[in-house]
Every structure is written in C-alpha cells, then in structure tokens.
Amino acid sequence: MTLYEMTYEEGDEVFAMSLVESPAIEEEFLLLSTEKEELKLSAYDTDQRLIVGAALVPNKPIYRKDEDGKEYYIFFSEATVAKAARDFVKNGNQTNFTLEHSQNIEGVSVVESWLVEDEDKDKSRKYGLNVPKGTWMLTSYVEDEKLWAEQLRGNKVFGYSLEGKFGSEARRELSDQHLDSIVDNIKATIKEYINA
C-alpha cells in the first residue's frame, strides 16, 4: 500500500468540519460537563453544550479506500496541520458544519482552536486526551438543542472530520511490517477502549 503525504498550498482550504460517528483520525471528542466528576465521552451538560476533540493529528497514518477499491494511507505533517488550522479560522469557517459529510447543519460554532505545543502541559490533558504535539484541537458550542439531544447526547456522533481541499504526494510503499505495526496499534487502541 502507498503512503501519501497531504500537502497544503495556496488555494487549499479546510472549509468545514463534520460531526461523524467514525472519525478517520480515530480520535473521539468529549462532551463537557460542568460537574467536577471525571469527564467521559458520555458526560454532558445541557447548559454548556460544549464538545472538545482533535480535528487533525500530525503524522498519523489514516486508512483510505477510493471509489475504485484502491486502498492507501494518508498523513498530514505538523506544518500542514498548522497551516490548515490557521486558515480555517482566518477564512471565517468556524460555523461551517456538516453531519456525516452529507448534511449541512446550523447551530454549531468553533469557540476555541489551538495547536498542542507541549504534550504534558496542554489543555487537552485536562480532559484526559492523549494527543501528540502539533495536534489541532477544537472546542465547539452546540447551540441547536435538537442536534445536541439526538446526535451528541444520543451517542450517534463521536468526533470531528474535516472537509477540505489538499494536495498529495506519494511518500513510500508501506511494507508488510509497517502495515502489521499499524494493525497492532489499532488493536491496542480498541483493547484500551474496551477496558476503559
């Protein structure tokens, strides 16, 4: 399988965020509670209606399959993640949201956007999120009560997935050993999630 680096040049853009059941970056967001209790995915507060999660993780291989059935992996460098995060806010796209990449939705706004600079001291650690340096993090406010109740509190969507235009460059063919390593990481993540 081929590994492609996604590039970000002039004219490229992240124009929307989608709330999805299965985020490609395999990072779920948290629904924030005002209580002092431990924050968990199922925690929520109808007064705040805030969600926090990773929008994009640098250097993480993401499995893709095109319309013709061709399988490959993509990744975003730390520099590309930073450019995409900056331009998303600069271009005023904080209220552009979709549901499962298919339906435009109103009543969701990004209220915080930041890049993780220090893995140990970043705000993401406060929420128990273990993401690497360079990760693009978002906090969004869900004003739409029906969307909050049905999709988020109803446990139908679990993460962010960006919508945008990027270029790409083939980096290398992945060896069987590299693919086995990726599969082992996915298995470990699933096991950790089940045992949590």
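The values are calculated or read from the model by the stated rules, or taken from the named source; none is laboratory data. Here the structure is a predicted model, which means the values were calculated and not measured. FYI the Cβ positions are ideal-geometry reconstructions off the backbone, even for glycines, and counts take in every protein chain you see. SASA here: full protein model, heavy atoms, side chains in, ligands and nucleic acids out. Shrake-Rupley method; radii C 1.70, N 1.55, O 1.52, S 1.80 Å.
Give me, ordered by chain and number, the residues 5 or more places off residue 4 or on other chains with an amide H under 5 Å from its own placed amide H.
Counting only residues 5 or more places away or on other chains, the set is 73, 74, 75, 171.
Expressed as a whole percentage, what fraction of the accessible surface of region 66-178 belongs to carbon and sulfur atoms when a 1.4 Å probe is rolled over the protein heavy atoms? Walk me through the numbers on the way to the answer.
Values: 2640 of 6410 Å².
Heavy-atom surface of region 66-178 belonging to carbon and sulfur, 1.4 Å probe: 41 percent.
What order, most packed first, do the peptides 155-167, 109-121, 86-98, 131-143 have when packing is the mean number of other Cβ atoms within 10 Å of each residue? Each step should come with its number before you reach the end.
On the way: 155-167: 17.8, 109-121: 13.4, 86-98: 16.0, 131-143: 20.3.
Ranked from most to least packed, the peptides come out as 131-143, 155-167, 86-98, 109-121.
Hey, can you grab everything whose amide H is under 5 Å from the amide H of residue 56? Only 5+ residues off in sequence or another chain; H modelled, so Pro and N-termini drop out.
Those lying under 5 Å, H to H, from residue 56 are 136.
Kindly flag which residue pairs out of 60/146; 156/187; 65/156 have an alpha-carbon separation exceeding 31 Å in this structure. Let's see the in-between values first.
Details: 60/146 34 Å; 156/187 22 Å; 65/156 23 Å.
Table pairs above 31 Å Cα-Cα are 60/146.
Non-local amide H neighbours of residue 112 (under 5 Å, H modeled in plane, Pro and chain starts lacking H): which ones?
Amide H neighbours of residue 112: 139.
³J(HN,Hα) across region 10-16 via Karplus (A = 6.51, B = -1.76, C = 1.60, θ = phi - 60°), whole Hz, x for Gly/Pro?
Whole-Hz 3J(HN,Hα) from phi for region 10-16: 4, x, 7, 6, 9, 9, 6.
Could you give the nm distance between label points at residue 100 and residue 145, where each point is 7 Å from its Cα heading toward the beta carbon?
For residue 100 paired with residue 145, the spin-label model returns 2.5 nm.
How large is ³J(HN,Hα), in whole Hz, for each residue of region 79-86 in order, when computed from phi with the Karplus curve 6.51 cos²θ - 1.76 cosθ + 1.60 and θ = phi - 60°, using x for Gly and Pro?
Computed from phi, the couplings for region 79-86 are 5, 5, 4, 4, 5, 4, 4, 4 Hz.
Mind checking the full-extension length gain between residue 21 and residue 187? Use 0.36 nm per residue of separation minus the Cα-Cα distance, one decimal, nm. Please list the in-between numbers first.
Details: separation 166, 0.36 × 166 = 59.76 nm, distance 1.88 nm.
Net length gain for the segment: 57.9 nm.
If you look for lysine pairs in region 70-126 that are eight or more places apart or on different chains, how many of them have Cα atoms under 30 Å apart?
Working: 70/83; 83/121; 83/123; 83/126; 90/121; 90/123; 90/126.
Qualifying lysine pairs in region 70-126: 7.
What spacing in nm lies between the two simple spin-label points modelled at residue 1 and residue 66, each 7 Å away from Cα in the Cβ direction?
Each label point is offset 7 Å from its Cα along the Cβ direction, giving 1.6 nm.
Provide the gained length on full extension for the span residue 123 to residue 9, in nm with one decimal, where the gain is 0.36 nm per separating residue minus the Cα-Cα distance. Could the numbers behind the result be given before it?
Numbers: separation 114, 0.36 × 114 = 41.04 nm, distance 2.92 nm.
Going from the current span to full extension adds 38.1 nm.
Would you kindly derive the ³J(HN,Hα) couplings of region 118-128 from the backbone phi angles with the Karplus curve 6.51 cos²θ - 1.76 cosθ + 1.60 (θ = phi - 60°), listing them in order in whole Hz, with x for Gly and Pro?
9, 4, 7, 10, 6, 4, 4, 5, 4, 9, x
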